[in-house]
Amino acid sequence: LARLNHPGIVGLLEGGTTADGLSWFTMEFIEGQDLLSYVRTNGLTLKERVGLIIQLCKAIEIAHQNLFVHREPRP
């Protein structure tokens with residue numbers, strides 16, 4: 001993750017393992033809104049929404065090409 005360089009991928013700052021064996025990492029803080037709030041707040045058109053999805057897919061493609069798999073945590 002630390003070697004990924006893409007404007008749509010947040011940077012990794014540090015990582016490690018706790019004394020209990022749990023993995024951890026810190027990422028740069030990005031000021032802003034989540035995607036859904038951004039779309040609603042800015043009244044994006046369908047074309048603009050699709051453009052955002054394309055940007056998101058390109059970032060995920062870069063991550064996959066670098067053998068990094070993105071997963072959302074389960075609720």
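Points to keep in mind about this one:
- Residue that is nearest to the chain's Cα centre (by Cα), among those in the stretch 44-69 that are surrounded by 11 or more Cβ atoms within 10 Å (Cβ to Cβ) and not in a helix (DSSP H, G or I): PHE68
- Some residue of the stretch 16-24 being touching a residue at least 12 places away in the same chain (Cβ under 8 Å) and β-branched (Val, Ile, Thr): no
- Scanning the stretch 1-43 for residues that are assigned to a strand (DSSP E or B) and either open to solvent by less than 70 Å² (accessible area, probe 1.4 Å) or under 17 Å from ILE62 (Cβ atoms) (or both) gives LEU12, GLY15, GLY16, THR26, MET27.
- Taking residues in the stretch 32-44 that are over 14 Å from GLY8 (Cβ atoms), and partners anywhere that are surrounded by fewer than 10 Cβ atoms within 10 Å (Cβ to Cβ), the pairs with Cβ atoms closer than 8 Å and at least 6 places apart or on different chains are GLN33/THR41.
The values are calculated or read from the model by the stated rules, or taken from the named source; none is laboratory data. Just so it is clear, the structure is predicted and the values come from calculations on it, not from any experiment. Note: ideal-geometry Cβ built from the backbone for every residue, glycine included; neighbour counts use all protein chains shown. Heavy atoms of the whole protein, side chains included, go into the accessibility calculation; ligands, DNA and RNA do not. Shrake-Rupley method; radii C 1.70, N 1.55, O 1.52, S 1.80 Å.
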